[in-house]
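Take a look at the structure set out below.
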Amino acid sequence: MEVSPENEKRVRTRRSRVISRKIDRFFLALYDIFSFNVRFFKEVFLPPYEGKEIIRQCYEIGVRSLPLISLTGFIIGIVFMNQSRPSLAEFGATSWLPSLVSLAIVRALAPLVTALIGAGRIGSMIGAELGSMKVTEQIDAMEVSATNPFKFLVVSRVLATTFMIPALMMYTMLVALLGAYLNVSANEGTSFVTYFTQVFDAITFLDIFSSVIKSTLFGYTIGMVGCYKGYNSSKGTEGVGKAANSSVVTAMFLVFIEELLSLQVITALR
Amino acid sequence: MKKGQPVIDRSISVISIKNLVKSFGDLDVLRGVDLDLYKGENLVVLGKSGTGKSVLIKIISGLLRPDEGTVNVLGEDVPQLRGRDLDRLRLRIGFSFQNSALYDSMTIKKNLEFPLVRNQKDLTRGEVLQRVETVLDAVGLSQTINQMPSELSGGQRKRIGIARTLILNPDIMLYDEPTAGLDPITCIEINNLINEVQERFHTSSIIITHDLTCAKAVGDRMVMLLDGVFQRQGTFEEVFNTDDKRVKLFYDYNFID
């Protein structure tokens, strides 16, 4: 069947309308995200300060993540040490294991693993919590009772993740190094003092400092993404699930992008 | 019919709305609404789902902004208010949400304390507790003080939602579908509670509903929202004494005795 020129024109017009609507929506979403971030920086400095809520969130986000972080960090230390051994053994360089593992853990593994666990556990928690508050009108209820919900819910959570992810990263670092020590001690008989002397000889202040800065950025991203997705969720319970899910996916994606970018900056500084 | 004689002062209009227009995209929800709520009055806003009843009270409480028109609440022009000025006005307006909107992560006590401790910082712990106990007693749920919202029934949640708004002693109460999703007995209890609140706390209220039993039980006056404007208003009988098919259909589907 032949398509008449008018029909073809109509189809083309419809397609171009759909594309232009999608482009509009993309830029509107970008503007929305930008405004959300700007609002955060405006509200964070203005009183009243939600000290109690920030501390409560730090506890929820930080302390309650400790079991998972401990287990993951410990296993990563053991596994990484185990996997690195054969390669170094080929060159008879197993004595370099502590230095190699410490560099890997401090520079990359600890910040990245903490951020990914944070995105999974904390990002989804924030997304789902705020999403459910949004669809059940709890956020509106807060607003009509003369409480600024953005400050109470968003600012406190983003600050908590920004503070707690670097703290959790330092903890992951120590636990992973300890796991690696147990492995190297069992296999090579390296003493505690020798191991940690080699570990600290291998790393510099810049290594730790850059990891802390990176983790702070990851923490901000995880909190902001979770809050944005939850705060703007819609479509009832389906929206809550979507908010939780897309909080995790988006935060993980952004963490990897930030890791790549920060790697370039740190390499240049080094 | 409604029991008791509330004291209504028709010379004082606590809410005055003129030519209110609100659209969402291409959808015109409110198309020139005029409304007055008098001091001490229970005004019922009737209408089908999706006709903009909830939008109306969200505009009154400043949750939504109108496209056109004036919304004067307790002498303040709501759309012009921002920040602390709007918050000050909101403290005088109680909003009971359709789904109660209780904070899931807090106990009933914390839910009730929340608006109080954040807005009246000079109160001692004892005074806060006393106020919590008073409003819980007013809604007949003193025993639930340490329970979580998830442990309560739908009717209990509605009552606690109303108690949370009463704790700030509002001048105006806005009820969004107070009997939606409740069994007939609980509906009667909620209707009685709305009347008790009017008498005991001397509030002026707007009750949004499509439940005519509720409307008849609590309303001093009714308005019916059809096609984005108030088509009918007056007493229950005045509103439904009409040949308008849309109004008759609304009545027939509510099974009023």
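The values are calculated or read from the model by the stated rules, or taken from the named source; none is laboratory data. These numbers come from a predicted model, not from an experiment. In this analysis, Cβ positions are derived from the backbone assuming ideal geometry, glycine residues included, and neighbour counts consider all displayed protein chains.
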| query | Quick check: anything in region B:31-41 aliphatic (A, V, I, L, M), in the same structural domain as B:Arg221 (by TED's automatic domain parsing) and either farther than 23 Å from B:Leu89 by Cβ or in contact with a Lys or Arg (Cβ under 8 Å, 6 or more places away or on another chain) (or both)? | reply | no
| message | Take the residues in region A:3-49 that are assigned to a helix (DSSP H, G or I) and among the hydroxyl-bearing types (Ser, Thr, Tyr); name whichever of them is nearest to A:Val154 (Cα to Cα). | response | A:Ser35
| query | In this structure, does A:Leu71 turn out to be surrounded by 14 or more Cβ atoms within 10 Å (Cβ to Cβ), in the same structural domain as A:Ala119 (by TED's automatic domain parsing), over 17 Å from A:Arg157 (Cα atoms) and of a type outside the set (D, E, K, R)? | reply | no
| remark: Within region B:64-114, restricting to residues that are among the hydroxyl-bearing types (Ser, Thr, Tyr) and more than 10 Å from chain A (Cβ to nearest Cβ), the one that is nearest to B:Met148 (Cα to Cα) is B:Thr107
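Table: residues versus (1) more than 27 Å from B:Gly52 (Cβ to Cβ); (2) assigned to a helix (DSSP H, G or I); (3) away from chain A (no Cβ under 14 Å); (4) aliphatic (A, V, I, L, M).
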{"residue": "B:Ser150", "(1), (2), (3), (4)": "yes, yes, no, no"}
{"residue": "B:Gly161", "(1), (2), (3), (4)": "no, yes, no, no"}
{"residue": "B:Asn169", "(1), (2), (3), (4)": "yes, no, no, no"}
{"residue": "B:Tyr175", "(1), (2), (3), (4)": "no, no, no, no"}
{"residue": "B:Gln198", "(1), (2), (3), (4)": "no, yes, yes, no"}
| query | Do you know which residues across region A:131-143 are more than 24 Å from B:Leu91 (Cα to Cα) and more than 9 Å from chain B (Cβ to nearest Cβ)? | reply | A:Gly131
| field | Exclusive hit being hydrophobic (A, V, I, L, M, F, W, C), under 26 Å from A:Ala115 (Cβ atoms) and surrounded by 15 or more Cβ atoms within 10 Å (Cβ to Cβ), set A:Phe40, A:Phe34 | value | A:Phe40
| field | Yes/no for B:Arg157 being within 14 Å of chain A (Cβ to nearest Cβ) and closer than 21 Å to B:Ile60 by Cα | value | no
| message | Of the residues B:Gln143, B:Gln130, only one is surrounded by fewer than 17 Cβ atoms within 10 Å (Cβ to Cβ), in contact with a helix residue (DSSP H, G or I) (Cβ under 9 Å, 6 or more places away or on another chain), without any contact (Cβ under 8 Å) to a residue 12 or more places away in the chain and of a type outside the set (A, V, I, L, M); which? | response | B:Gln143
| request: Might you check whether a residue that is over 24 Å from B:Ile12 (Cα atoms) and aliphatic (A, V, I, L, M) occurs anywhere in region B:71-81? | output: no
| request: Give me a count of the residues in region A:195-214 that are under 14 Å from A:Pro98 (Cα atoms) and charged (D, E, K, R). | output: 1
| request: Please specify each residue of region B:193-220 satisfying the condition of being more than 14 Å from the chain's Cα centre (by Cα) and of a type in the set (S, T, N, Q). | output: B:Thr213
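Yes/no per residue for (1) surrounded by fewer than 16 Cβ atoms within 10 Å (Cβ to Cβ); (2) under 22 Å from the mean Cα position of the chain (by Cα); (3) under 30 Å from A:Ala89 (Cβ atoms):
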| residue | (1), (2), (3) |
| --- | --- |
| A:Phe192 | yes, no, yes |
| A:Gln198 | no, no, yes |
| A:Ile203 | no, no, yes |
| A:Ile213 | yes, yes, no |
| A:Ile222 | no, yes, no |
| A:Tyr231 | no, yes, no |
| A:Ser234 | yes, no, no |
| A:Leu254 | no, yes, no |
| A:Leu263 | yes, yes, yes |
| Subset of region A:175-190 [hydrophobic (A, V, I, L, M, F, W, C) and loosely packed, with under 14 Cβ neighbours inside 10 Å] | A:Ala186
| task | Could you look through region B:20-60, keep only residues that are of a type in the set (Lys, Arg) and away from chain A (no Cβ under 14 Å), and pick out the one that is surrounded by the most Cβ atoms within 10 Å (Cβ to Cβ)? | result | B:Lys53
| request: Determine, yes or no, whether B:Leu56 is within 25 Å of B:Pro6 (Cβ to Cβ) and in contact with a helix residue (DSSP H, G or I) (Cβ under 7 Å, 6 or more places away or on another chain). | output: no
| message | Residue under question is B:Ile108, and the condition is that it be more than 15 Å from B:Ser205 (Cβ to Cβ), surrounded by 22 or more Cβ atoms within 10 Å (Cβ to Cβ) and modelled with pLDDT of 95 or more; does it hold? | response | yes
| message | For region A:104-204, give me every one of the helices (runs of 4 or more DSSP H) that falls completely inside it and has 2 or more residues that are touching an Asp or Glu at 6+ places or on another chain (Cβ under 9 Å), in contact (Cβ under 8 Å) with a residue 40 or more places away in the chain and in the same structural domain as A:Asn232 (by TED's automatic domain parsing). | response | A:110-118, A:124-135, A:156-188
